[in-house]
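To start, the structure itself, in structure tokens.
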Amino acid sequence: MPTYETLPRFTTDHQHLTPEQRRRFRQTVTAFVEDLRTGSFRAGLRIKRVQRSTSVYEITWSMGSGPAGRATWQYGPEVYPGTPHVIWRRIGTHDILTGP
């Protein structure tokens, strides 16, 4: 099972999401974790590196009506050898990319 941590800014962003937005993020994370285990991300997760960054990535999903949901993350040092460790940085809409 991959490990993770959240930065304080992610926690603050997450608290501002609606319950429905949080539910959709949890669904996306379920697929993300499955793909971390296999080592290959499905196209539907729309994972890509954030421009002007070598180590920060974004994941995008539908939040229903309105703008798409996004979260930024990076790999951190493995807590358990051979197990990916994810650091969640920001969550919200496209606006989070101004300070991923």
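What to note about this one:
- Tally of residues being more than 16 Å from Tyr75 (Cβ to Cβ) and among the aliphatic types (A, V, I, L, M) across the stretch 1-56: 3
- Positions within the stretch 10-44 being open to solvent by 30 Å² or more (accessible area, probe 1.4 Å), under 13 Å from the mean Cα position of the chain (by Cα) and in contact (Cβ under 8 Å) with a residue 60 or more places away in the chain, in sequence order: His14
- Members of the stretch 79-100 found to be open to solvent by 30 Å² or more (accessible area, probe 1.4 Å), within 18 Å of Arg52 (Cα to Cα) and outside any strand (DSSP E or B), listed by number: His94, Asp95, Leu97, Thr98, Pro100
- Failed criterion for Glu58 (all others in (1) open to solvent by 20 Å² or more (accessible area, probe 1.4 Å); (2) charged (D, E, K, R); (3) at pLDDT below 95 hold): (1)
- Checking Arg42, Arg23, Arg49, Arg37 one by one, the residue that is at pLDDT below 95, touching a Phe, Trp or Tyr at 6+ places or on another chain (Cβ under 8 Å) and not polar (S, T, N, Q) is Arg49 and no other.
- Odd one out for Pro81 among (1) over 19 Å from Leu97 (Cβ atoms); (2) in contact with a strand residue (DSSP E or B) (Cβ under 7 Å, 6 or more places away or on another chain): (2)
- Flag for Thr3 being among the β-branched types (Val, Ile, Thr) and more than 16 Å from Leu97 (Cβ to Cβ): yes
The values are calculated or read from the model by the stated rules, or taken from the named source; none is laboratory data. Since this is a predicted model, take the numbers as computed values, not measurements. As a convention, Cβ positions derive from the backbone with ideal geometry for all residues, glycine included, and neighbour counts pool all protein chains shown. Side chains are part of the model used for accessible areas, which takes the heavy atoms of the whole protein and leaves out ligands, DNA and RNA. Shrake-Rupley method; radii C 1.70, N 1.55, O 1.52, S 1.80 Å.
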